[in-house]
Amino acid sequence: RFRNGLEKTRRALNTDIRDLFKDEGRLVDDEFLGELFAKLIRTDMGAGPAEELRDDVAKRYRGRKVGLDEVLESITAQTQAMLQQDAAPLNLPGKPSVILVVGVNGSGKTTSIGKLSHHLTSQGKKIVLGAGDTFRAAAVEQLTIWSERIGCDIVTGKQGADPASVAFQTVDKAIEIGADVAIIDTAGRLQTQSNLMQELDKIRRVVGKKVEDAPHEVLLVLDATAGQNAISQAKGFSDAAGCTGIILAKLDGSARGGVILPIRRQFELPVKFVGLGESIEDIAEFDADSFATALFA
Ligand code: GDP
């Protein structure tokens, strides 16, 4: 599932690391390790993870001559270990389960909701969407188009309507038609963060009154192409919003798929899904082993 989406990163990284080798093997010494580190860093994985990968190669091979395959194998195994997380299936305890989706505008929130809905629909689940970003007419329109594509119900409000009221009606609708999951979009305006938090709190309270323990998931959408700064910003947001998992969108969009390593580190949240393109099928449940293999092998 990950191979195509990670093509750009894999190709860049492979070419980069292959370049280190010229014809046969290379002696693993400080010079080689320094060059390897520089190549790894270019995938946006950050200094910490790149150091760990380099040190692991040093531990295994220092003073010996190695080939490309050995180095790739070592890096892949170590990345698998670094990405390991407890199994994190979506928490969908009952009918309806409620998922809130949060994230900064432009991160890929609407698209991710569409793809996630399709993913769940293809597992036989009945979905209702809630267009809780009532300030952006475009967001409501886009989400409506996704609902038509998927063939699921959507609840929208007038522009500027109270998002909590849309959330309330969405859950109501889900109960009425016996839907399995209500997926509710939320606003993502970072500049008004405290209002946003109040808005999210209200949505939580309202859905919690309708369905026990709701929301059952609060998924944060992160843009894999956005770079370290954006990710650090999102961290504050995620803590305040009580997120339960991450959807890492646009991993296909750059040669920087390594960004998942610092994300796993900074967020202490499981990566539940990754976005690997713009079409409806381009979402996959995250799995450390296949991900690392697709990244390097
Ligand atoms: P929102 O403002 O957060 O709702 O973001 P959108 O869902 O509208 O996405 C912003 C842009 O990113 C759109 O052009 C999407 O098609 C694109 N996009 C979203 N997810 C992905 C992805 O996984 N891969 C790629 N390549 N593009 C994506």
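The values are calculated or read from the model by the stated rules, or taken from the named source; none is laboratory data. These numbers were taken from a predicted model, which means no experiment stands behind them. Cβ sites come from the backbone with ideal geometry, for glycine too, and all protein chains shown count toward neighbours.
Worth a mention:
- Residues of region 248-279 satisfying the condition of being within 11 Å of the ligand (Cβ to nearest atom) and not in a helix (DSSP H, G or I): 248, 249, 250, 254, 273, 274, 275, 276, 277, 278, 279
- For residue 282, the test of being of a type in the set (Asp, Glu) and within 14 Å of the ligand (Cβ to nearest atom) is passed.
- Region 112-139: number of residues that are of a type in the set (Gly, Ala, Ser), within 13 Å of the ligand (Cβ to nearest atom) and within 14 Å of residue 184 (Cα to Cα): 6
- When restricted to residues that are of a type in the set (A, V, I, L, M), part of a helix (DSSP H, G or I) and over 16 Å from residue 13 (Cβ atoms), region 24-65 contains 3.
- Residue match in region 23-41 (condition: surrounded by fewer than 17 Cβ atoms within 10 Å (Cβ to Cβ) and either closer than 26 Å to residue 242 by Cα or of a type in the set (Lys, Arg) (or both)): no
- Given (1) buried (at least 23 other Cβ atoms within 10 Å of the Cβ); (2) within 25 Å of residue 294 (Cα to Cα); (3) among the small types (Gly, Ala, Ser); (4) modelled with pLDDT under 90, number of the condition residue 224 does not satisfy: (4)
- Scanning region 91-111 for residues that are near the ligand (Cβ under 9 Å from one of its atoms), surrounded by fewer than 24 Cβ atoms within 10 Å (Cβ to Cβ) and not in a loop (DSSP other than H, G, I, E, B) gives a single hit, 111.
- Among the candidates 201, 213, the residue that is more than 16 Å from the ligand (Cβ to nearest atom) and in contact (Cβ under 8 Å) with a residue 40 or more places away in the chain is uniquely 213.
- Every residue from region 142-173 that is within 14 Å of residue 186 (Cα to Cα), surrounded by fewer than 22 Cβ atoms within 10 Å (Cβ to Cβ) and under 23 Å from the mean Cα position of the chain (by Cα): 142
- Inclusion of residue 142 among residues that are within 14 Å of the ligand (Cβ to nearest atom) and at pLDDT 95 or above is warranted.
- Residues in region 167-198 that are within 16 Å of the ligand (Cβ to nearest atom) and either at positive phi or in a loop (DSSP other than H, G, I, E, B) (or both): 186, 187, 188, 189.
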